[in-house]
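J.: Dropping the structure in here first, questions after.
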Amino acid sequence: MTQQPPHPTPSRPGQPGQMTAVMRAVAPVTGPKVLRIGLVQGGKVIEERVIKQRTHVTIGPSEKSMFVIPSKSIPPNFRVFELVGGEYFLNFLDGMTGRVAFKGGVSELSALKSSAKRVAVGNVQAYQVQLSEEARGKLVVGETTFLFQFVAPPPVQPKPQLPVSVRSGIANDIDWTTTIIAAFSFLFHFGAVGSIYSDWMDPVVDDEIDVAQLLESVKQLPPPPVEQPKEDVDAPAATAAPAAEAPKAAGGGNKGAAAASPGKGSGGMSDARASALTNELAQLDMQMLGALNSSGNATASVLSSGDVPTGLLENAAASGAGVGKGGVAGLNMGGAGGGTVRPGAAGGGGLATIGNTGTSGPATAGSAQTVKGPVGNATVGGAAVSGGSVSNAPSVVAGMTAGFRRCYNKGLQEDPSMKGSVRITAKIGPNGEVLSATPSGGGGLSGTVVSCVVARVQSAQFAPPEGGGATVVIPVTFVSQ
């Protein structure tokens, strides 16, 4: 059998064949030559580089230099080979040595200084010599030597390409008819499912109408109930305690204690009567002691039996040093002018009735009566919100009414005729907290009431306002009932 030779793969119009592409890749590249630089240190070539793009070649201790050299005698980024107008120039300083081979011969750098152009490079002055494409040489900078020459640019590497059979077979193997039918079927089915779950048939929702209905429903809510202050229930117990103690004091039998504390409701004697008797007895004791002398019957009688001659009392009354025997400030002493006064033994009223705890008159001492103070009412007007919307501002302000009323009732205990109104401006923070509460107005109200109302507003918690902050103005009116 004879084997058929393989047919060459036809190339597409406008594209070169495989052989043509390879020949073009290896063809020499024409154009200006580029620099080839070798870096020598310690007698060894440590780096060799071809500058494919014609550009400046810099050396120095800076990291931005093309060749980094740890030398402080040159600028950080010194252009040793400078490209000016498409031509290369060699720049060297006074401390650099070397030689350059031109087309006409080899010259030392020291000999080129006289014909070189002087240029300023930063704070130093450099020498500039133009180089041709045939020039080559070396440049010594400290312990580093640069070898340079001009060479033809390296050929451009061709891009990797797939074989022609692979590049042309991908699109030809696709069944375009089946692909188009499958694409239309996919779009139809997913379009039908999307239309089922879409909301284009849902009714239109108007947010403004819903908000207006919500505000109307809030306005129709009944006002919060008025909280009445609790009355003092301890008054009956306080009234019953003195009444229970009165019989106990009357039956104790200690008449001296009852006479010493007449203001505690002892017997049927009033407080005024008991106080007057105490004062009279004290005066009588002092006058009796003044009427007695160091000798005579008076002293003997007092020391032995306790009798007091009334004659001495008359003499004391006449001389202004004592009292008479008759009624002394309403006291009926009894007896004749020459008789003897015995406490508790004389007829009539006298001193015999002192300490009597009978119930001869109405007892009023010790009874307690409950006096009800004035009661106030606080009315909160509509809260004005500005700077942002606070959803629960009306309900939070309405909940402060009871606290405002308690503040007013405490103030009425100091001034029962106090009344007035105040406006509290509250600044709401981003989390609904009250940052500050400032009162205004407050005519007729005490500072205690205003401070209490401000403290109640500062302790409130609102919903987070829209926009990050809001201001709520709360008018409060206080009226005494």
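J.: Does any residue in region 86-112 that is at positive phi and modelled with pLDDT of 90 or more come within less than 8 Å, Cβ to Cβ, of a residue that is open to solvent by 40 Å² or more (accessible area, probe 1.4 Å) and not basic (K, R) six or more places away or on a different chain, and which pairs are these?
T.: G98/E108
J.: Is there a residue in region 386-398 that is outside any helix (DSSP H, G or I), modelled with pLDDT under 85 and open to solvent by 30 Å² or more (accessible area, probe 1.4 Å)?
T.: Yes, that holds for at least one residue.
J.: Please determine whether any residue of region 170-190 is of a type in the set (A, V, I, L, M, F, W, C), open to solvent by 70 Å² or more (accessible area, probe 1.4 Å), farther than 30 Å from I69 by Cβ and modelled with pLDDT under 75.
T.: yes
J.: Can you name every residue in region 97-111 that is surrounded by 15 or more Cβ atoms within 10 Å (Cβ to Cβ) and farther than 15 Å from I37 by Cβ?
T.: If the condition is that a residue be surrounded by 15 or more Cβ atoms within 10 Å (Cβ to Cβ) and farther than 15 Å from I37 by Cβ, then R99, F102, S107, L109 are the ones that fit.
J.: Under the condition of being of a type in the set (G, A, S) and at pLDDT 90 or above, which residue from region 461-481 is surrounded by the most Cβ atoms within 10 Å (Cβ to Cβ)?
T.: Looking at the filtered set, the residue picked out is A470.
J.: How many residues, within region 41-59, are surrounded by 11 or more Cβ atoms within 10 Å (Cβ to Cβ) and in a strand (DSSP E or B)?
T.: The total comes to 8.
J.: Do you know which of the residues in region 60-96 that are open to solvent by 20 Å² or more (accessible area, probe 1.4 Å) and not in a loop (DSSP other than H, G, I, E, B) is farthest from L35 (Cα to Cα)?
T.: V68
J.: Of the residues that make up region 78-85, is at least one at positive phi, in contact (Cβ under 8 Å) with a residue 12 or more places away in the chain and not charged (D, E, K, R)?
T.: There is no residue in region 78-85 that is at positive phi, in contact (Cβ under 8 Å) with a residue 12 or more places away in the chain and not charged (D, E, K, R).
J.: Right, another one. Of the conditions (1) loosely packed, with under 11 Cβ neighbours inside 10 Å; (2) touching an Asp or Glu at 6+ places or on another chain (Cβ under 6 Å), K159 satisfies every one except a single condition; which number is it?
T.: Single failed check for K159: (2).
J.: Okay, moving on. Give the residues of region 112-127 that are touching a strand residue (DSSP E or B) at 6+ places or on another chain (Cβ under 7 Å), surrounded by fewer than 17 Cβ atoms within 10 Å (Cβ to Cβ) and of a type outside the set (D, E, K, R), sorted by residue number.
T.: Answer for region 112-127, where residues must be touching a strand residue (DSSP E or B) at 6+ places or on another chain (Cβ under 7 Å), surrounded by fewer than 17 Cβ atoms within 10 Å (Cβ to Cβ) and of a type outside the set (D, E, K, R): V119, V121, Q125.
J.: Now a separate question. Could you list, in sequence order, the residues of region 417-457 that are open to solvent by 40 Å² or more (accessible area, probe 1.4 Å), not charged (D, E, K, R) and not in a strand (DSSP E or B)?
T.: Correct list: S417, P430, N431, G443, G444, G447, T448, S451, C452, A455.
The values are calculated or read from the model by the stated rules, or taken from the named source; none is laboratory data. Since we're looking at a predicted model, the values are computed, not measured. For neighbour counting, all protein chains shown are included, and Cβ atoms are generated from backbone atoms with ideal geometry for every residue, glycine included. Accessible surface areas use protein heavy atoms only, side chains included; no ligands, DNA or RNA. Shrake-Rupley method; radii C 1.70, N 1.55, O 1.52, S 1.80 Å.
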